[in-house]
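The values are calculated or read from the model by the stated rules, or taken from the named source; none is laboratory data. Since we're looking at a predicted model, the values are computed, not measured. Methodologically, a virtual Cβ is constructed for each residue, glycine included, from the backbone with ideal geometry; neighbour enumeration extends over all protein chains shown.
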Amino acid sequence: MVKQTEFPVQPPVVLLPSPGIDWQKWAVIACDQYTSNREYWEKVRRFVGDHPSTLNLILPEVYLEDPDVEERLQRIKATMDDYLQTKVLTPLAPGYILIDRQTPHVRSRKGLLAAIDLEQYDWRPGAKSLIRSTEETIASRLPARIKIRQGGALELPHILLLLDDPGQTVIEPLFQQREKLPKVYDFDLMMQSGHLTGYHLTNPELIRQLNQALANLAAPAACAQKYGIEGETLLLAVGDGNHSLATAKACWEEIKKKAANPAEIASHPARFCMVEIINLYDEGLTFHPIHRVLFKVDPADFFAALQAYYDCRIEDAPAPSAPIPPGTHAFSFVTNAAAGRVLIHNPGSNLVVGSLQKFVDHYLAGHPEAKIDYVHGDREAETLGRQPGNIGLLLPAMDKHELFKTVILDGALPRKTFSLGEADEKRFYLEARKIL
């Protein structure tokens, strides 16, 4: 069992918009969405106007290469201070929030807003911590995020952590009690992105039940029974916001170095990071593949290099029902002149995306003129792939129930392995927490 003094999940002190704030204008989607679509973010800006909004507390990644990034970062930190001083935000009593998210694609996705102990999280390869990354962390993506978090008074989460709970013992029993809990928000999201309802959980008995259920899942015997692997304890895996959580960890490590004593380390608010936890077995949680599109490539050269790298067969597009031989990885492709399927025999990776990414990284290293983009949605990937000089590489969806075992066996997956839902299903910034 996880000792209570080392328990990785805690009830946070959540800050929510004060009465009179327009919730729909306040909440905006995660900063790493629509990164090639400035028009989306310009529409958000026009809709928000001069109203208080989390848009003023984040840096959408579409603007990361703009010349005024440093000015934006300073405005973000100043706005955090202003929102606190002018009471735009109001603190709740310490507690969890049960979140019911409706999206344009699913009627309900249930989550639990909580704070996790960064001492129990590690994103590095080979980590054996209770909370782990599922995908490769790219160090070059951290500095801009670190600049926002360092010296900022608030954190706003778009991080989604996943819980492998087939018995539905943690989150689902809490939702059965939701009508007895105070409702803290209930509103439509902007840009036709669905609806959010939140229930404040402070009941000591329900929290005790929650802690016990989490501790049961974290027990080594439970992990051995589920995965057939002895000596492993993986409780939470990062489903979205991997680099944001790694940023929080990096900032905490710097703060810890300067801490005056162990008591300060134990109680410092930056030791924790606010996240939403979702059960893998929630019916509203869907995994979508993230496709690859290569630009400025010669398809003939690419496929010749692929056949030299792998024992593989390239064939015309088969019928949708065409079987994939056992022990074989398959993905589809489209070019300006053709469409088909690649079958890789005896692959070295556990996942199709791993086999593909290994070769793509190898190919790009030898072709510096070529570029890659990671694309959500079959139609967009096919449209881009059919343009002259491009190749669209379309991956199958990953079985979400294989995620934890794969992370335990293989470690962090290749970057951009899967997406939790469509772009408009991503987490919206809404709740805040003080970290200074």
Report yes if residue 371 is in the same structural domain as residue 58 (by TED's automatic domain parsing) and modelled with pLDDT of 90 or more, otherwise no.
no
Considering residues of the stretch 379-431 that are closer than 26 Å to residue 164 by Cα and small (Gly, Ala, Ser) only, the residue surrounded by the fewest Cβ atoms within 10 Å (Cβ to Cβ)
397
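How about the stretch 143-185: which of its residues are assigned to a helix (DSSP H, G or I) and not β-branched (Val, Ile, Thr)? Talk me through it step by step, then tell me what you get.
Step one: list which residues in the stretch 143-185 are assigned to a helix (DSSP H, G or I), which gives 143-149, 171-175, 178-180.
143, 144, 145, 147, 149, 172, 173, 174, 175, 178, 179, 180 - these are the residues of the stretch 143-185 that are assigned to a helix (DSSP H, G or I) and not β-branched (Val, Ile, Thr).
Scan the strands (runs of 3 or more DSSP E) fully inside the stretch 230-325 and keep the ones with 1 or more residues being within 22 Å of residue 97 (Cβ to Cβ) and modelled with pLDDT under 95. Quick ask: steps written out before the conclusion?
On the way: elements: 236-240, 272-279, 287-295, 312-316.
Of the strands (runs of 3 or more DSSP E) lying wholly inside the stretch 230-325, those with at least 1 residues that are within 22 Å of residue 97 (Cβ to Cβ) and modelled with pLDDT under 95 span 236-240.
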Yes or no: residue 272 closer than 30 Å to residue 345 by Cβ and of a type outside the set (D, E, K, R)?
no
Residues located in the stretch 352-375, provided they are closer than 20 Å to residue 330 by Cβ and charged (D, E, K, R)
358, 361
Looking only at the stretch 109-129, which residues are of a type in the set (D, E, K, R) and in contact (Cβ under 8 Å) with a residue 24 or more places away in the chain?
109, 110, 117, 119, 122, 128
Which residues, counting only those in the stretch 391-425, are assigned to a loop (DSSP other than H, G, I, E, B) and closer than 22 Å to residue 377 by Cα?
395, 396, 397, 398, 399, 414, 415, 416, 417, 421, 422
Which one of the conditions (1) part of a loop (DSSP other than H, G, I, E, B); (2) closer than 30 Å to residue 226 by Cβ does residue 388 fail to meet, given that it meets all the rest?
(2)
Qualifying positions in the stretch 236-265 - in contact with a helix residue (DSSP H, G or I) (Cβ under 9 Å, 6 or more places away or on another chain), among the small types (Gly, Ala, Ser) and over 15 Å from residue 150 (Cβ atoms):
237, 239, 259
Could we say that residue 207 is closer than 27 Å to residue 420 by Cβ, in contact with a strand residue (DSSP E or B) (Cβ under 6 Å, 6 or more places away or on another chain) and not in a loop (DSSP other than H, G, I, E, B) here?
no
Could you please find all residues in the stretch 207-246 being more than 24 Å from residue 287 (Cα to Cα) and β-branched (Val, Ile, Thr)?
207, 229
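For the stretch 1-117, which fully contained strands (runs of 3 or more DSSP E) count at least 3 residues that are buried (at least 17 other Cβ atoms within 10 Å of the Cβ) and at pLDDT 95 or above?
Values: elements: 15-17, 89-91, 96-102, 109-117.
So the answer is 15-17, 96-102, 109-117.
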Counting only residues that are among the polar types (S, T, N, Q) and either free of Cβ contacts under 8 Å to residues at least 12 places away in the same chain or not assigned by TED's automatic domain parsing to the domain that holds residue 56 (or both), the stretch 11-37 contains a total of 0
Of all residues in the stretch 210-229 being in contact with a helix residue (DSSP H, G or I) (Cβ under 7 Å, 6 or more places away or on another chain) and in a helix (DSSP H, G or I), the one that is nearest to residue 172 (Cα to Cα)
210
Is it true that some residue in the stretch 306-320 is of a type in the set (A, V, I, L, M, F, W, C) and farther than 27 Å from residue 380 by Cβ?
yes
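Tell me the residue from 183, 128, 110 that is out of contact with any Phe, Trp or Tyr (no Cβ under 7 Å at 6 or more places or on another chain) and of a type in the set (Lys, Arg), please. Step through it out loud before you land on a result.
Working: 183 fails: out of contact with any Phe, Trp or Tyr (no Cβ under 7 Å at 6 or more places or on another chain); 110 fails: out of contact with any Phe, Trp or Tyr (no Cβ under 7 Å at 6 or more places or on another chain).
Sole residue among the options that is out of contact with any Phe, Trp or Tyr (no Cβ under 7 Å at 6 or more places or on another chain) and of a type in the set (Lys, Arg): 128.
Kindly indicate which of 330, 322, 337, 317 is under 24 Å from residue 385 (Cα atoms), of a type in the set (A, V, I, L, M), assigned by TED's automatic domain parsing to the domain that holds residue 297 and surrounded by 14 or more Cβ atoms within 10 Å (Cβ to Cβ). Steps first, answer last, please.
On the way: 322 fails: surrounded by 14 or more Cβ atoms within 10 Å (Cβ to Cβ); 337 fails: surrounded by 14 or more Cβ atoms within 10 Å (Cβ to Cβ); 317 fails: surrounded by 14 or more Cβ atoms within 10 Å (Cβ to Cβ).
When all the criteria are applied, what remains is 330.
Scan the stretch 232-241 and tell me whether some residue there is in contact with a strand residue (DSSP E or B) (Cβ under 8 Å, 6 or more places away or on another chain), more than 18 Å from residue 166 (Cα to Cα) and crowded, with 16+ Cβ neighbours inside 10 Å.
First, pick out the residues of the stretch 232-241 that are in contact with a strand residue (DSSP E or B) (Cβ under 8 Å, 6 or more places away or on another chain): 234-241.
So of that shortlist, the ones also more than 18 Å from residue 166 (Cα to Cα) come out as 240-241.
So of that shortlist, the ones also crowded, with 16+ Cβ neighbours inside 10 Å come out as 240-241.
Looking for residues that are in contact with a strand residue (DSSP E or B) (Cβ under 8 Å, 6 or more places away or on another chain), more than 18 Å from residue 166 (Cα to Cα) and crowded, with 16+ Cβ neighbours inside 10 Å, one finds at least one in the stretch 232-241, hence yes.
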